[in-house]
1. More than 23 Å from A:Lys501 (Cα to Cα) and assigned by TED's automatic domain parsing to the domain that holds A:Leu494: which single residue out of A:Ile458, A:Ile406, A:Ile425, A:Ile439 fits that description?
2. Within the set of pairs 6+ apart or on separate chains, which have a first residue in region B:57-73 that is at the interface with another protein chain (Cβ under 9 Å from one of its Cβ atoms), a second that is surrounded by 24 or more Cβ atoms within 10 Å (Cβ to Cβ) and among the polar types (S, T, N, Q), and C-beta atoms under 6 Å apart?
3. List the helices (runs of 4 or more DSSP H) inside region A:34-144, counting only whole elements, that have at least 2 residues being at pLDDT below 85.
4. Within region A:522-577, considering only helices (runs of 4 or more DSSP H) that don't extend past its boundaries, which have at least 2 residues that are among the small types (Gly, Ala, Ser)?
5. Being more than 8 Å from chain B (Cβ to nearest Cβ), within 28 Å of the chain's Cα centre (by Cα) and surrounded by fewer than 21 Cβ atoms within 10 Å (Cβ to Cβ) is the filter here, so list the residues in region A:108-145 that pass it.
6. I'm told B:Val45 meets every condition in (1) within 22 Å of A:Tyr126 (Cβ to Cβ); (2) of a type in the set (Val, Ile, Thr); (3) surrounded by 15 or more Cβ atoms within 10 Å (Cβ to Cβ) except one. Can you identify the failing condition by its number?
7. If you go through region B:73-109 one residue at a time, how many are within 24 Å of A:Asp78 (Cα to Cα), crowded, with 21+ Cβ neighbours inside 10 Å and either among the acidic types (Asp, Glu) or out of contact with any Leu (no Cβ under 8 Å at 6 or more places or on another chain) (or both)?
8. Would you be able to say whether some residue in region B:11-21 is touching a Cys at 6+ places or on another chain (Cβ under 9 Å), surrounded by fewer than 19 Cβ atoms within 10 Å (Cβ to Cβ), at pLDDT below 85 and of a type in the set (S, T, N, Q)?
Amino acid sequence: MSFVLHGIGVSNGIAIGRAQLVSHATLEVAHYSITPEQVAGETERFAQALQSVQRELETLHGAMTSGDAPAEFGAFLDVHWMILTDPTLHEIPKRTIAEQLCNAEWALTQQLGVLMEQFETIEDPYFRERKADVVHVVERVLKVLMGKPGPVRPATAEDHTILVAHDLSPADVIQFKNHDFAAFLTDLGGVTSHTAIVARSLNVPAVVATHNARTLIRENEMLIVDGGRNVVIVNPDRSVLTEYRLKQEELELEWQKLRRLRTTPATTLDACKIELMANIELPEDLEQTMENGANGVGLFRTEFLFLNRDGLPSEDEQFEAYRTVAAGMKGQPVTVRTFDLGADKHKEGLDGLSRVAPNPALGLRAVRFCLAEPRLFLTQLRAILRASPYGKVKILLPMLSSVSEIEQALALIAQAKDSLREQKIKFDTGIEVGGMIEIPAAVLSLAAFASRLDFLSIGTNDLIQYTLAVDRADDAVAHLYDALHPAVIKLLALAISTSNKAGVPVAVCGEMAGEARFTRLLLGMGLTNFSMHPAHLLTVKQRVLTSDVGEARGFVERMRRSDEPAKLIALLGKLNA
Amino acid sequence: MKGPPQYGALCRTPTKTISSMQTRLIELTNRLGLHARACVKVVRVASRFRSEVCLIWNGRRASARSMMAVMLLAAGVGATIRLETSGPDEAEAMTAMVQLISGQFGERQ
């Protein structure tokens, strides 16, 4: 039976393919069936994963007991080693693989569920909490399992796979980057949730907030995901399928036309030169950045470097990542944003970060967190500085709300520079330091920011969230998130004009920069630097090429003066006509 | 999915045909009882013997060779647990277990 699900399209495009379901477990695990002939291979894969984690623990143990690490660490590893080698984790999943003909990840997750239920019955909270150790061990094994290719799923050449999940963490999505999924569907999420942002960077269609896709869709069912129309068609009939295949071809043709603009400079009709930069998350995103003709990296989100891992990335490891991007951009600017940890990018398991803040968006995150953890911050700053001779590197501080935060951060940057000088390590002494403008307070006192920083970058997602008091990840209020709210327009226009008057370069690096329907609005506010997902660069460039800044300025002046949403929409419509 | 309790309790209840079996009641007097690291020690000691070693408390029965089972026993300080050993070296196993527990798992209190 064919039916349609509605959600929020977070990335345009059409995908046609078969559903692959992902479980509800803490770690999202795929469930698929295997044939009786594959049981032996799957059991072996499971056994090898166990062995690999066992060796991992033994190596760690060796490293710790030989060094000066406190005895607590060794004991902690003993506990994990014993949990890992327990028959409940060793034998029962193997039996499940054979009996239920399912993949190893699924068998292990099921057994974890059984054990968790048993732990839940324990009254004493201390003993009950030991389940965390079991989860930790199982997650280690799952990570190893998921890093290895499972048995090949039956698929014909033209059948793509569409991932259907209840929710995906940014870490999950990054993990799926290595797979070739044609689209993503999730029950939860919103247009600007970080899951959506990451999915978009994969340049595949995605529909989120479908509420119950995970329960309604069955494994291997045929799906059409139309990101532009916010719909998912489950089990489409032949005529619908034909129509969508046609549409898909049209989109492909349009895309090919856009690709010809790759090397065209982004200049408006009235000869204003516009910089179009890319937002990236991983060094691997460079390829897409170059392909789409970016003028540089306007935002390198560094926190994704240490999702999907235990512990902090070392200075050398960070240096390698920053250096790769700096060198890869061949002299074009690379703006490295310091860790924006906390809120929805919450990293579990990191000591000190695992506490649940009553209101994470207003809590200890981004630069606040970095200032509270100066050692972590200094490590990152040193790594960025060390990468600076390899290209044109800039430092960007997220979520500044007051002058004192800027001053503290600048003092730490100076300290990082001093330590490098002492060790005679080269760095760009003139490295520019900029700040994110994403809190209304920063916009309203922008002159003080502009006088202390070399450049500014407006993060529209958070600016809108904080201005409207709307949690963008909360499905129930996500519809209230409105980039065209009169207050947002006023704040944006004020931020851009104040920066321009102060002579401090300003960019917009939020979602708004990548949406062609806002391009003229931002141009009219006086913006000349846009930073967005590489996938949107060419669409925005096409819009820039057909825009007249002088004309747009007139519309924006009228929009700034209006408090009527309907009038704003009408004016934007005329501006874009 | 609810399955039968799949404990690490691979500890068989001894049948009547086993003529000898050592049993003993012992109180946990260390600060936290069978906390994670104490469990590690229990499993280590029990694994040294060929005999079956079981801990019984609060209606639950756990093989002392299974970390998961001993952890799930959740026996805190003051719990009086029943130790059972049966097999070729059951007397030695009992002595070692009693020594471990009465010696408060070698913890400094």
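The values are calculated or read from the model by the stated rules, or taken from the named source; none is laboratory data. Remember, it's a predicted structure, so these values are computed and weren't measured experimentally. Glycine also receives a Cβ, built like all others from the backbone with ideal geometry; neighbour counts cover every protein chain displayed.
1. Details: A:Ile458 fails: more than 23 Å from A:Lys501 (Cα to Cα); A:Ile406 fails: more than 23 Å from A:Lys501 (Cα to Cα); A:Ile439 fails: more than 23 Å from A:Lys501 (Cα to Cα).
After ruling out the rest, the residue left standing is A:Ile425.
2. B:Met68/A:Thr88
3. Details: elements: A:39-66, A:71-84, A:87-90, A:92-100, A:104-120, A:125-128.
Hits in region A:34-144: A:39-66, A:71-84, A:125-128.
4. On the way: elements: A:537-545, A:549-561, A:565-576.
Of the helices (runs of 4 or more DSSP H) lying wholly inside region A:522-577, those with at least 2 residues that are among the small types (Gly, Ala, Ser) span A:549-561, A:565-576.
5. Within region A:108-145, A:Ala132, A:Val135, A:His136, A:Glu139, A:Arg140, A:Lys143, A:Val144 meet the criteria.
6. (1)
7. 2
8. Filtering region B:11-21 for residues touching a Cys at 6+ places or on another chain (Cβ under 9 Å) gives B:11-14.
With the extra rule that they be surrounded by fewer than 19 Cβ atoms within 10 Å (Cβ to Cβ), the set shrinks to B:12-14.
Next, only the ones that are at pLDDT below 85 stay: B:12-14.
Subset that is of a type in the set (S, T, N, Q): B:13.
Yes, because at least one residue in region B:11-21 is touching a Cys at 6+ places or on another chain (Cβ under 9 Å), surrounded by fewer than 19 Cβ atoms within 10 Å (Cβ to Cβ), at pLDDT below 85 and of a type in the set (S, T, N, Q).
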